[in-house]
Structure formats: C-alpha cells, structure tokens
Amino acid sequence: MHAVFDLSFLMQCFLQVWQGLWTALFTILLAVFDLSFLMKYISRFTEEIFSGLITVIFILEAVLNILKVIASAPDITLLYHGCN
C-alpha cells in the first residue's frame, strides 16, 4: 500500500517543525540568560485578557454549533401548529 502525501500535509509538517525549533530557541535563550525574572511583569490583567479570549472562543464555537444544528434540522414549526 502506497502512502499519498500532498503538499498541504508536507507544509503542515514543515510549519510544525519550524514552530518547535523557534520555541526551543526561545526556551534555550531564556534559560541561558536567566530571564525568568521577567515573570514579575506579567500581571493578573494579562491573565484576564487570555482567559477572556478563551471564553469568547468557546462561546462562539457553541453558538456556531447551535446554528449548524438549527440549519440542518427540518422545519419544526409545523409540529406546533396542531397543538393549539
């Protein structure tokens, strides 16, 4: 059985390797120059911004999923006309 590799898969692999190398470079530089003292400048405000961003992402994902379900569902308003 032959494996089929398309360009998008290879590009994704390349980008993941590049991201790993870039992150490793920064980690090594932080360790070599002992830059952990910079953590005191990261405030609670920064943490709140990131948690707010994550909250917005989850809410948008939920709303989009609900809209997909509504769009794919049959017209249910016909079911309620007989209940009057």
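Summary table
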read-out	value
Criterion violated by F45 - all others in (1) exposed (fewer than 10 other Cβ atoms within 10 Å of the Cβ); (2) more than 23 Å from the chain's Cα centre (by Cα); (3) not basic (K, R) satisfied	(2)
Any helices (runs of 4 or more DSSP H) falling wholly within the chain and containing at least 3 residues that are at pLDDT 80 or above	7-32, 44-72
Residues that are surrounded by 10 or more Cβ atoms within 10 Å (Cβ to Cβ) and not hydrophobic (A, V, I, L, M, F, W, C), drawn from the stretch 17-42	Q19, G20, T23, T27
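The values are calculated or read from the model by the stated rules, or taken from the named source; none is laboratory data. It should be emphasised that the depicted structure is a prediction, and the values quoted were computed from it without experimental measurement. Because the Cβ atoms are built from the backbone with ideal geometry, glycine has one as well, and the counts that use them run over all protein chains shown.
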